[in-house]
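A short worksheet on the structure shown next.
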Amino acid sequence: MPLLKTDDESTEIESLLKGIHERYGYDFTHYSQASLKRRLNRVREHTKLFSYPELLERLYQDEQCFDLFLKHMSITVTEMFRDPAVYLSIREKIIPILKTFPFIKIWHAGCATGEEAYSMAILLHEEGFLDRARIYATDFNKQSLETGQAGIYSSKNMGTYAANYLAAGGKKNLSDYYSSSYDLVKFDDFLKEHITFSYHNLVTDGVFGEMNLICCRNVLIYFDKVLQDHVLSLFTESLRHGGFLCLGSKESLNFTKVKKMFEPVDTKYRIYRMTEALHV
Amino acid sequence: MYEAVVMGLSAGGMNVLKTIIPALPATFPLPIAIVQHIAPSSDGYLAEYLGQISAIPVKEAEDKEILRGGTAYLAPAGYHLLIEANRTFSLSIDESVNYCCPSIDVLFDSAADVYRQNLIGIVLTGANADGSKGLKKIKEGGGLAIVQDPLTAEVPYMPQAALNATVIDYILDVSQIAPLLARLGKVGEGENNVRSIS
Ligand SMILES: C[S@@+](CC[C@H](N)C(=O)[O-])C[C@H]1O[C@@H](n2cnc3c(N)ncnc32)[C@H](O)[C@@H]1O
């Protein structure tokens with residue numbers, strides 16, 4: 001790959017992202033540049049279009065090439081019960097409060113292939129109120145959403161997931177919730193009945209209303225401060241008063257504009273509760 | 001004038017960090033970003049421990065945190081650590097690189113883009129080849145490359161891979177690294193010429 005001077009490269013990347021925004025409406029201009037650049041390198045290697053202007057030209061004309069670009073822009077790495085202690089904390093600190101509601105809504109924003117949403121469904125089931133809950137699992141990667149909707153995953157990760165599940169306070173065995181054939185597992189349909197997978201772009205789409213709990217884990221790290229603030233304020237508008245926000249283990253509300261609207265529920269595991277009404 | 005130091009360690013790295021970081025003076029002016037390969041479940045104990053025995057502050061790097069001079073930052077377990085053009089950190093959970101997350105190459109690659117010739121890269125003990133691509137890129141950008149002498153490294157594979165990958169400015173015993181950094185970090189003493197001596 002030809003080495004460009006850093007400043008030139010930044011300018012070229014900026015033009016590329018602007019062009020894409022114009023043509024397709026996807027806005028990546030406020031993504032963290034360093035990791036975005038690594039993903040762009042993969043697109044460049046894949047397409048053999050190493051010059052950014054040439055790549056933009058192709059993207060402009062070729063929608064299939066844009067699909068490929070989008071796929072590369074979405075990091076689908078995820079796990080069931082990732083950071084088990086977080087789920088334990090949700091079980092112990094949030095669930096008892098949520099149980100006092102007749103019906104609750106949970107939003108997994110940036111759900112990737114849906115493992116997180118199934119984890120939550122299992123947790124709610126074991127706490128005995130899955131029937132009173134609706135889980136919205138959204139992402140801007142349509143292919144990931146299809147995987148989630150199918151509920152079919154590779155069996156090779158189930159060992160890790162089963163260990164996570166138990167560490168998260170699981171009351172049975174993870175394998176009680178799926179059936180296997182060959183190297184695939186399919187999660188039971190009763191879980192999926194409570195999950196709605198749908199397309200939502202956090203950058204450009206609006207409020208997703210009246211949530212009791214929003215889980216947005218390992219998504220904000222891909223955004224710069226400006227976009228983080230934008231998305232967080234979208235969350236404040238989408239949460240019910242007293243609703244909960246659960247971020248990734250290395251994400252926090254420190255130094256964000258919405259910080260004062262929340263009180264920490266579990267500082268270590270980045271769980272917050274919205275205490276203030278909007279725009280106060 | 002150097003602006004930052006990046007450091008990569010794998011197997012055997014704890015002992016090396018315990019030698020280098022506490023030997024840096026409290027006045028050390030540059031930020032140091034460190035990737036030590038570590039189990040995904042570990043919880044930041046290493047940074048806390050190193051902080052207790054060092055003159056400079058040591059902490060786990062946080063997402064979008066500004067790099068401060070005279071502070072050592074460790075990549076959190078399970079996250080890649082990257083440096084942005086505006087001198088802040090970003091974290092990511094992208095795929096593993098060289099089977100590692102955090103990966104040394106990922107840190108070095110992003111740091112080389114930002115600091116170019118004003119960067120010092122150091123590859124130390126370890127059992128895989130992570131870091132050698134990154135160190136090569138640092139050299140290509142005009143930065144300074146330091147490698148632990150494989151003969152004295154607890155696990156020589158990683159420093160040897162770095163040696164094979166690019167031209168190295170200093171091949172050193174661990175005990176020599178902090179004194180050299182202290183010297184290179186000193187501002188306004190023509191220390192940038194040091195490279196030509198090596
Ligand atoms: C690293 S995954 C995190 C998955 C999961 N939440 C977890 O922590 O395991 C990041 C996800 O964010 C999604 N994402 C990135 N930008 C987005 C956007 N603008 N709108 C919606 N989802 C986005 C990606 O498609 C990807 O699925």
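The values are calculated or read from the model by the stated rules, or taken from the named source; none is laboratory data. What you see is a predicted model; the values in this text were computed from it and never measured. Cβ coordinates were reconstructed from backbone atoms using ideal geometry, including for glycine residues, and neighbour counts include every protein chain displayed. Calculation scope for accessible area: heavy atoms of the full protein, side chains included, ligands and nucleic acids excluded. Shrake-Rupley method; radii C 1.70, N 1.55, O 1.52, S 1.80 Å.
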Fill in: 5 angstrom amide H check on A:Leu184, placed H, neighbours 5+ away
A:Ser155
Item to complete: Consider all pairwise Cα distances in the range A:84-274 and report the whole-number % of them above 26 Å.
Response: 28 percent
Worksheet item: Relative contact order for the range A:9-73: what is it in percent, counting Cα pairs under 8 Å that are at least 6 residues apart?
Response: 36 percent
Item to complete: Take chain B, connect every pair of alpha-carbon atoms lying under 10 Å apart with a spring to form a Gaussian network, then pick out the residue of B:Asp173, B:Asp109, B:Asp94 with the largest mean-square fluctuation.
Response: B:Asp94
Worksheet, complete the sentence: Taking a ≥ b ≥ c as the square roots of the Cα gyration tensor eigenvalues, with a/c under 1.5 meaning rounded and otherwise prolate when a/b beats b/c or oblate if not, the range A:1-156 comes out prolate
Fill in: List A:Thr113, A:Thr204, A:Thr196, ordered by accessible area with a 1.4 Å probe, largest first
A:Thr204, A:Thr196, A:Thr113
Item to complete: Using only the alpha carbon atoms of the range B:4-196, find the Kirkwood hydrodynamic radius as the inverse mean reciprocal pair distance, in angstroms to one decimal.
Response: 16.0 Å
Practice prompt. Classify the range A:9-73 as rounded, prolate or oblate from the Cα gyration tensor: take a ≥ b ≥ c as the square roots of its eigenvalues, call it rounded if a/c is under 1.5, otherwise prolate when a/b beats b/c and oblate if not.
Written response: rounded
Practice prompt. Kindly compute the accessible surface that chains A and B hide from a 1.4 Å probe when together, both sides summed, and give it to the nearest 100 Å².
Written response: 2000 Å²
Item to complete: State to the nearest 20 debye the size of the charge dipole of the range A:9-73 about its Cα centre, where the only charges are +1 on K and R beta carbons and -1 on D and E beta carbons.
Response: 300 debye
Worksheet item: Which loop-located trypsin sites (Lys or Arg not before Pro) does the range A:118-172 contain, where loop means any DSSP state but H, G, I, E or B and the Cβ has at most 16 other Cβ atoms within 10 Å?
Response: A:Lys171, A:Lys172
Worksheet, complete the sentence: Of A:Val219, A:Val77, A:Val207, the most mobile residue in a GNM of chain A (C-alpha springs, cutoff 10 Å) is A:Val77
Worksheet item: Using DSSP loop states and a limit of at most 11 other Cβ atoms within 10 Å to flag chymotrypsin sites (Phe, Trp or Tyr not before Pro), what is the longest stretch of chain A containing no flagged site?
Response: A:1-102
Worksheet item: From the Cα gyration tensor of the range B:120-193, with a ≥ b ≥ c the square roots of its eigenvalues, which class applies: rounded if a/c is under 1.5, or else prolate if a/b is larger than b/c, or else oblate?
Response: oblate
Fill in: nm² value of the averaged projected area, convex hull over the Cα atoms of the range A:146-212
6.3 nm²
Discussion item. Considering all alpha-carbon pairs of the range B:100-162, what whole percent are spaced by more than 14 angstrom?
Written reply: 50 percent
Worksheet entry | Sulfur and carbon atoms: percent of accessible area, the range A:84-274 [1.4 Å] | 54 percent
Worksheet item: Considering only DSSP states other than H, G, I, E and B, which trypsin sites (Lys or Arg not before Pro) in the range A:1-79 qualify as loop sites with at most 13 other Cβ atoms within 10 Å?
Response: A:Lys5, A:Lys48
Worksheet item: Whose amide H sits under 5 Å from the amide H of A:His108, counting only residues 5 or more places off or on another chain, with H placed in the peptide plane?
Response: A:Tyr136, A:Ala137, A:Thr138, A:Cys215
Fill in: Distribution of pairwise C-alpha distances over the protein assembly as shown, 20 Å bins, in %
23, 52, 24, 1
Discussion item. Probe radius 1.4 Å, ligands and nucleic acids ignored: give me the carbon and sulfur share of the accessible area of the range A:9-73 as a rounded percent.
Written reply: 47 percent
Fill in: Taking the range A:84-274 and dividing mean pair separation by its residue count, relative contact order in percent (alpha carbons under 8 Å, at least six apart)
22 percent
Discussion item. Below 15 Å, Cα to Cα, which aspartates and glutamates can A:Lys257 reach? Residues fewer than 8 away in the same chain don't count.
Written reply: A:Asp224, A:Asp229, A:Glu237, A:Glu276
Discussion item. Could you give each residue of the range B:101-113 its phi-based ³J(HN,Hα) in whole Hz, using Karplus coefficients 6.51, -1.76, 1.60 with θ = phi - 60°, and x for Gly or Pro?
Written reply: 8, x, 10, 5, 4, 4, 5, 4, 4, 5, 5, 5, 4
Response to the item:
Toy charge model, Lys and Arg Cβ at +1, Asp and Glu Cβ at -1: the protein assembly as shown dipole around Cα centroid in debye, rounded to 20, equals 580 debye
Discussion item. Which order do you get for B:Val123, A:Val203 if you rank them by accessible area with a 1.4 Å probe, largest at the top?
Written reply: A:Val203, B:Val123
Discussion item. Using alpha carbons only, how many angstrom separate the centre of the range A:249-265 from the centre of the range B:50-82?
Written reply: 20 Å
Item to complete: Among A:Asn254, A:Asn201, A:Asn141, determine the one that fluctuates most according to a GNM of chain A built with springs between C-alpha atoms less than 10 Å apart.
Response: A:Asn254
Worksheet item: Which whole-number percent is the relative contact order of chain B (Cα, under 8 Å, 6+ apart)?
Response: 23 percent
Worksheet item: Each residue of the range A:123-131 in order: what ³J(HN,Hα) in whole Hz does its phi give by Karplus 6.51 cos²θ - 1.76 cosθ + 1.60, θ = phi - 60°, with x for Gly and Pro?
Response: 4, 5, 4, 5, 8, x, 9, 4, 5
Fill in: Within the range A:226-280, GluC sites (Glu not before Pro) in DSSP loop having at most 15 other beta-carbon neighbours inside 10 Å
A:Glu276
